[in-house]
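Each value in this text was obtained by applying a stated rule to the coordinates, not by laboratory testing. This one's a predicted model, so the numbers in the text were calculated from it and none came from an experiment. For neighbour counting, all protein chains shown are included, and Cβ atoms are generated from backbone atoms with ideal geometry for every residue, glycine included.
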Amino acid sequence: MVTTAVHTIHDRNSRGHTKIGWLDSSHTFSFGSFQDPNRMGFRSLRVINDDRVIPGAGFGTHGHRDMEILTYVLEGELAHKDSLGTGSVIRPGDVQIMSAGTGIQHSEFNNSESEAVHFLQIWMLPDRQNIPPRYDQRDFPLAEKQGKLRLVASKDGRDGSVVIHQDIDLYVSNLSSSDRITFEMESDRFAWIQVARGIVTLNGESLREGDGMQINSPELLELTTETSAEILLFDLA
């Protein structure tokens, strides 16, 4: 972890790691047997897990409550079923949100018998507890994210984003070598950048796949890449 007055870089190589026969998972924040007092989350972000699951395998039915859980697939397909009766397949470009609320049971399996699935699962603390559980999933085409920030999740659901029960705006972007994106933080906000793929330069700092950067005070964020990359930007209260 590298900290300045403004930034803290959470290096990909210092993440927690769970590797069993069917799962290879890296944990940006404390999760399961990986417990680090310096990595207990950031603002309302609590978990960012970078998961790879072999063909045909996955997480059996298990429960959650009082957590906003967002799934973002990078490669492959993830099949979802839950106790609300929802069944769906999450593919690249999709954003799935599940409010666990008063309690929900769900399972997640690789939908393919031949290809691995790679996805990020993100847990966020809700702004209130004991809400009714719910599920939503929407697709965001590549053209809406290429070289620009696309809002995919927010408290008010504006611009077609999925609703999060928390004061968070989540943007995603796919960048190529000719792209430059900027984001002006508001005076009372914080930010987290998660590099999902590739290498980016953020305000002069080089970040690679799996790296995260927390921004502790408002500034103009500028992102570029020399090849191609995919990033998630959380604008946090």
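Please list, by residue number, everything in the stretch 6-25 whose backbone N is under 12 Å from a paramagnetic label point 7 Å out along Cα→Cβ of ALA57.
Within reach of a label on ALA57: 19-25.
Rounded to whole Hz and in sequence order, give me ³J(HN,Hα) for the stretch 156-164 from the Karplus expression 6.51 cos²θ - 1.76 cosθ + 1.60, θ = phi - 60°, writing x for Gly and Pro.
For the stretch 156-164, the Karplus curve yields 9, x, 5, 6, x, 6, 6, 8, 10 Hz.
With a ≥ b ≥ c taken as the square roots of the eigenvalues of the C-alpha gyration tensor of the stretch 86-225, please select rounded if a/c is under 1.5 and otherwise prolate if a/b is larger than b/c or oblate if it is not?
oblate
Each residue of the stretch 212-222 in turn: what ³J(HN,Hα) in whole Hz from Karplus with 6.51, -1.76, 1.60 and θ = phi - 60°, glycine and Pro shown as x?
Residue by residue, the stretch 212-222 yields x, 10, 9, 10, 8, 8, x, 6, 7, 8, 10 Hz.
Which length gain, in nm to one decimal place, applies between ASP136 and THR182 when the Cα-Cα distance is subtracted from 0.36 nm times their residue separation?
Value of the extension gain: 13.7 nm.
Tabulate in residue order the Karplus-calculated ³J(HN,Hα) for the stretch 8-16, using 6.51 cos²θ - 1.76 cosθ + 1.60 with θ = phi - 60°, rounded to whole Hz; enter x for Gly and Pro.
Per residue, the Karplus-derived 3J(HN,Hα) values read 10, 8, 9, 5, 4, 7, 9, 6, x Hz.
If you rank THR61, THR28, THR225, THR18 by fewest surrounding Cβ atoms within 10 Å, what's the result?
THR61, THR18, THR225, THR28
How large is the convex hull of the C-alpha atoms of the stretch 93-158 per residue, in Å³?
Measuring per residue, one finds 121 Å³ for the Cα hull of the stretch 93-158.
How far apart, in nm, are two points set 7 Å out from the Cα along the Cα-to-Cβ line at ARG65 and at ARG128?
Between ARG65 and ARG128, the simple spin-label model gives 1.8 nm.
Hey, which lysines would be in cross-link range of LYS145, C-alpha to C-alpha under 27 Å, not counting anything within fewer than 8 residues on its own chain?
List returned: LYS155.
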